[in-house]
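Computed from the coordinates by the stated procedures, all read-outs in this text should not be read as laboratory data. None of these values were measured; they are calculated from a predicted model. Counting neighbours? That spans all protein chains shown, and the Cβs are built from the backbone with ideal geometry, glycine included.
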Amino acid sequence: MINHADDAVIRTHQLRKVYAGAPAFGPPGARPGGPPGGRPAGPVASQVSGGVNGAPTKPRDAAVDSLDLEVGRGEIFGLLGPNGAGKSTTIGMLTTRIVPTSGTAMVAGIDVIAHPAATKQHIGVVTQTNTLDRALTVRENLVFHGRYFGMPNKQARAEADRLLEVFRLGDKSDVGVQTLSGGLAQRLMVARSIMHRPSVLFLDEPTAGLDPQTRLSLWELIRELNAGGQTVLLTTHYMEEADELCGRLAIMDHGRILALDTPDGLKRSVDADTVVTITAAGDAGGLATALASGDGVVKAEATPRGVEVHMRAAPGIVPRLMTSAADAGFEVTDVSVAEPSLETVFIQLTGKDLRD
Amino acid sequence: MAATTITDQPTSSAEPSTATAQAAFIALLARDLTVLRKEFRMFLARTVMQPLLLMFVFTYVFPKIGQGVGGGAGAGRFSTLLVGGVIASTMIFQGIQAVALPLVQDFGFTREIEDRVLAPLPVGAIALEKVVAGAAQALVAGLLVFPMGLFIPATSIDLHINYPLLIAVMVLGAFMSASLGLFVGTRVEPRQVPLIFGLLVIPMTFLGAVYYPWQSLEPLRWLQIVVLANPLVYLSEGMRAALTTGVPHMASGVVLLVLAAAGALLMRVGVSGFRKRVLS
């Protein structure tokens, strides 16, 4: 294992989570009460005798599997992946709310599994759901949060007022939190999560469901916090968000990390420097075959958005692609030329669209 | 927008200091107190109405209209024994209202609890805080019944208060009530809330020796034995033991022992239920 000195704020080793009652390794009969309506393992007979004859039972999905992760102090680190990839489970385990099945996790130098209460002192968490205290006002939400973390009342009030200004919530300080719009509530959640100056800030899908403008302002906020030294680990299924915010990111699918690098590094890992997407009427697979043999074409494949042609060092090739398409009898209706994006990376790694 | 500077925690230590956990515990209590203060009218309404009506109908209206529970001459005796029962049932009711109902909401849909679970103290201590806050409310609710006992009954009531026993019974009873609330709150889904009342509160109250001493069930021996599973029986009996002379009641030692044991058991099961609900 690489030893990255002491400035790793998060470090996991072979972290794994299989939910209780969810399909697990081993003979199905050994499962603690299989979930009703859960995916059957196979023929009924094998459920009874499963494993006895040593027949390899299919390994079950772990929500998170073999996760090795290191996040350094001052980073904005992203977990990018579709829904169900295991991002929230990962955050849940690092923030003590989900108990790992196996593996180790250290946050701010503390063993999360052995010392959850101590870990909590050093982390700030914004979960996907609105967990603001509805019985309290905006300001009280901050003040009491500070007090939970040991701030004297006076200091908590002062810090709350400062954050209300920074987060532009000053005019809302005495209203109940139910009246806040989604964007304001999210801002208050972020403000609350940093009240106690955590070593790491965890943001689970921080901009999901927010309108584009609110999303931009939240990005700006996160960047400012990071500029002030705040380490951030965030999950997202928005490529732009990962690309814009994260210094490094891990692409996850089915509970595993498929690739981990800077956004640029990930894009460079794609086998092409240009991606041309061509839409035409007719058999997309046929068009892909027709285009695949062209000069400078690395590969061509049919995707839901058209035929994607990966090309390398190929100036002036678009007209030739058009000609090839026409020669093969396809009428091209749309062409777009782009550099590889994280989406390209994701499709290359998983064979599917991030939005699927 | 002003820049926000984050200073790192100086050093992290593996064990949370007890002081940190204590401060968090007290802050959680302070939060509950603040909310209670804001909703004090609601607290009063939900606390006072039931005992007020019980006392009014049974100890004022009935004697006045000659519908004697306990008969004309027995009215004073009935009122006397009722005070303890009403205090007991009010406390149990409050434990469920104050602890179970908010928890059911939290677990069911608001998920607000997820943030408090991230406060720097063990998850079990967060559940314990709920019980402490609930027990305090149950205690206050029980105390509010005393003035009703003084002013409402049409006949005189005859209380002989054994203060040490009263304090012991009320404190243990309050913890038992709040622990029951924790237990129920961690096991009930929001759509099942009406069942709390239909299947738990109402049977517990009617079969909780509230309106009659447990000993008077003697002719119905099977019922007398069955209701021993109801913790409210012991609280009612304990209250009568502390408040009256001449009304039969269970031995105070038995009452205190069962209240403590039931409270401890419900707390234990409740805390483990709480952990199951907030950790996965």
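Taking each of A:267/A:299; A:87/B:276; A:120/A:154; A:87/A:267 in turn, the alpha-carbon distance tops 18 angstrom for A:87/B:276; A:120/A:154; A:87/A:267.
Highest mean packing first, where packing is the average number of other Cβ atoms within 10 Å per residue, the peptides A:295-306, B:98-109 line up as B:98-109, A:295-306. Taken residue by residue and averaged, Cβ atoms of other chains lying within 10 Å of the Cβ of B:21-27 number 5. Shielding value for A:191-201 is 2, the average number of Cβ atoms from other chains within 10 Å of each residue's Cβ.
Charges were assigned to the Cβ only: +1 to each Lys and Arg, -1 to each Asp and Glu. The resulting dipole of region A:271-339 about its Cα centre is roughly 60 debye. Grouping the Cα pair distances of the protein assembly as shown into 20 Å bins from zero gives a pair-distance distribution of 16, 37, 29, 13, 4, 0 percent in increasing distance order. Testing the spin-label approximation: label points 7 Å from Cα along Cα→Cβ at residue A:219 and residue B:225. State their distance in nm. Computed distance between label sites residue A:219 and residue B:225 equals 7.4 nm. Structure remark: mean-square fluctuation, Gaussian network model of chain B, C-alpha springs under 10 Å; the largest value among B:138, B:262, B:21 belongs to B:21.
Among B:60, B:234, the ranking by other beta carbons within 10 Å of each residue's beta carbon, starting with the fewest, stands as B:60, B:234. Across chain A, Cα pairs under 8 Å and at least six residues apart give a relative contact order of 18 percent. So, R0 is 51 Å and r is the distance between the beta-carbons of residue A:254 and residue B:160; what FRET efficiency does that work out to, to 0.05? The pair residue A:254/residue B:160 has a calculated efficiency of 0.10. Between region B:163-182 and region B:221-247, what's the alpha-carbon centroid distance in Å? Centre-to-centre (Cα) distance: 14 Å. Cβ crowding within 10 Å ranks A:293, B:280 as A:293, B:280, fewest other Cβ atoms first. Between residue B:167 and residue A:181, the FRET efficiency estimated from the beta carbon spacing at R0 = 51 angstrom works out to 0.50.
Inter-chain Cβ neighbour count for A:115-128, averaged per residue, equals 6 (cutoff 10 Å, partner chain atoms only).
Build a GNM of chain B with springs between Cα atoms under 10 Å apart, and of B:80, B:155, B:47 the one that fluctuates most is B:155. Can you give the log10 of the normalised intensity I(q)/I(0) at q = 0.07 Å⁻¹, computed with Debye over equal Cα scatterers of chain B? Debye curve over Cα of chain B, log10 I(q)/I(0) at q = 0.07 Å⁻¹: -0.30. As a rough footprinting exposure proxy, the listed residues B:214, B:222 were ranked by other beta carbons within 10 Å of their own, and the order from fewest upward is B:222, B:214. Partner aspartates and glutamates whose Cα lies under 19 Å from the Cα of residue B:64, excluding those fewer than 8 positions away in the same chain, are identified as B:158. If you run the Gaussian network model on chain B, springs between alpha carbon atoms under 10 Å, then out of B:65, B:196, B:92 the most flexible one is B:65. Charged neighbours of residue B:211, selected by a Cβ distance under 14 Å, balance to +1 (K, R count +1; D, E count -1).
Can you check what the net charge comes to around residue A:159, using other residues whose Cβ is under 15 Å from the Cβ of residue A:159 (Lys, Arg +1; Asp, Glu -1)? After counting each charged neighbour, the total is +4. Think of it as helices only: each DSSP H run of n ≥ 4 in chain A is worth -39500 (n - 2.57), and spread over all residues that comes to -9500 deg cm²/dmol at 222 nm.
A protection proxy built from the mean count of other Cβ atoms within 10 Å ranks the segments A:114-126, A:328-340, most packed first, as A:114-126, A:328-340. Classify chain A as rounded, prolate or oblate, taking a ≥ b ≥ c as the square roots of the eigenvalues of its Cα gyration tensor: rounded when a/c is under 1.5, otherwise prolate if a/b is larger than b/c and oblate if not. Oblate shape, in that a/c is at least 1.5 and b/c is the bigger or equal ratio.
Provide the net charge surrounding residue A:88, with neighbours chosen by a C-beta distance below 11 Å and charges set as Lys +1, Arg +1, Asp -1, Glu -1.
Spelling it out: positives minus negatives among the neighbours equals +1.
Label-to-label distance for residue A:66 and residue B:38 is 4.9 nm, based on points extended 7 Å past Cα in the beta-carbon direction.
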